[in-house]
1. For SER321, which sequence-distant residues (separation of 5 or more, or a different chain) have an amide H within less than 5 Å of its own amide H, given hydrogens modelled in the peptide plane?
2. Quick one: which residues, 5+ away or cross-chain, put their amide H under 5 Å from the amide H of TYR139? H built at 1.01 Å from N.
3. How large is the translational diffusion coefficient of the stretch 1-137 in µm² per second when you combine the Kirkwood radius over alpha carbon pairs with Stokes-Einstein at 20 °C and 1.002 mPa s?
4. As a test of the formula, what do you get for the chain when each DSSP H run with n ≥ 4 contributes -39,500 (n - 2.57) and the sum is divided by the residue count, at 222 nm and rounded to the nearest 500 deg cm²/dmol?
5. Tell me, what ³J(HN,Hα) does each residue in the stretch 270-281 have, in order and in whole Hz, if you take phi through Karplus 6.51 cos²θ - 1.76 cosθ + 1.60 with θ = phi - 60° and put x for Gly and Pro?
6. Of (i) 23.8; (ii) 20.5; (iii) 22.8, which is the value of Kirkwood radius over Cα pairs in Å derived from the coordinates here?
7. Enumerate the calculated ³J(HN,Hα) couplings along the stretch 8-14 in order (Karplus 6.51 cos²θ - 1.76 cosθ + 1.60, θ = phi - 60°), each rounded to whole Hz, writing x wherever the residue is Gly or Pro.
8. Once phi is turned into ³J(HN,Hα) by the Karplus curve 6.51 cos²θ - 1.76 cosθ + 1.60 with θ = phi - 60°, what whole-Hz value does each residue of the stretch 112-127 show in order, with x for glycine and proline?
Amino acid sequence: MKTVVETMTDGVDEDGILRAGEILRGGGLVAFPTETVYGLGADALDQEAARKIYQAKGRPSDNPLIVHIADWEAIHKITEELPPQAKLLADTFWPGPLTMILKKSAAVPRATTGGLDTVAVRMPDNAVALALIRAGGGYVAAPSANTSGRPSPTTAGHVLEDMDGVIDMIIDGGPVQIGLESTIVDLTGEVPVILRPGFISQEMLRGVIGPVEMDRGLSSQDPAVHPKAPGMKYRHYAPKAPLFIVEGEAGRVRQKINELTVAEHERGHLAGVIATDESLGFYEHAAVKSIGSRTEELSIAQHLYAILREFDLMDVSVIYSEAFEMPQLGAAIMNRLMKAAGHQVIEV
């Protein structure tokens, strides 16, 4: 298969969107930009098209897909029950990086929902994405546009690395704005529960709908756990080299990472280090990359997956990362790092 790349870095190209919409309506796959990461889209109401997503990504078929919509009224076709919190959250955060888990209608095939009776829905804050959704029929299932387990794509180039020759089209909309997947909140129980942290924080949700809990299974590694939301069960975002997160007081973290990288150097190996602008000069005998400044949380989110992919192009034996406990995006960043590391943590 030849993968066509449509460039839309200067905005929506109507002719290109029409071509992409025809691919989706014909059961094909189109990767497209959102404000979070690039998504791999298919017609969400076509079970065979949804299955193509799993095949292209090498994704387990019990891992649910998010259905992307472009208009609020579209939600009524794909949901059986719509709690009042859903409209409140949509009015506040849509279009935007928030996914809601709701009870699905019969219109949504189980191939899209990973066999569940619930459906994940969001409305992306990206003009190209919204135009594509409308052109493709109004319901586009789209996980991140990467090979399953690899760092999520934040540029069209990342998508091309993983999906060239595998999917029909990639729409290049330039770098994404946030760089981390959407917050997922489950609205099917008595109390809303965050299943995946993201840019929309627990505090922000509570400010709109009251009590919201964090799911206790966010860090579960139990193979018997059936994922209710994308990314809950399986290892994600992983670089090729083993990744360890070093937690503790900043000075001791830097000291420990230096000890580990020097030991690798003495064994004739090169270690990678994920640092920040503030700590970049502290490390020796290692391939050191800054993820951004600790004073700019969004910058760290934007660069995380790109840094992990850059290390894949280097001959590093292991990667050590500082921990990132920050007020707004710290939970989301650490959630992604923990999954990338397979929950391998060194405490100092």
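The values are calculated or read from the model by the stated rules, or taken from the named source; none is laboratory data. Note that the coordinates shown come from a computational prediction; the quantities given were computed from them, not determined experimentally. We place every Cβ from the backbone using ideal geometry, glycine too, and count neighbours over all the protein chains shown. Accessible surface areas use protein heavy atoms only, side chains included; no ligands, DNA or RNA. Shrake-Rupley method; radii C 1.70, N 1.55, O 1.52, S 1.80 Å.
1. PHE244, ILE245, VAL246, ILE274
2. ALA44
3. The calculation lands on 140 µm²/s.
4. Theoretical 222 nm ellipticity from helices: -9500 deg cm²/dmol.
5. After applying 6.51 cos²θ - 1.76 cosθ + 1.60, I find 10, 9, x, 10, 9, 10, 10, 4, 6, 10, 3, x Hz.
6. (ii)
7. Karplus-based 3J(HN,Hα) across the stretch 8-14 equals 9, 6, 9, x, 6, 9, 4 Hz.
8. For the stretch 112-127, the Karplus curve yields 7, 9, x, x, 8, 8, 10, 10, 8, 10, 8, 10, x, 9, 8, 4 Hz.
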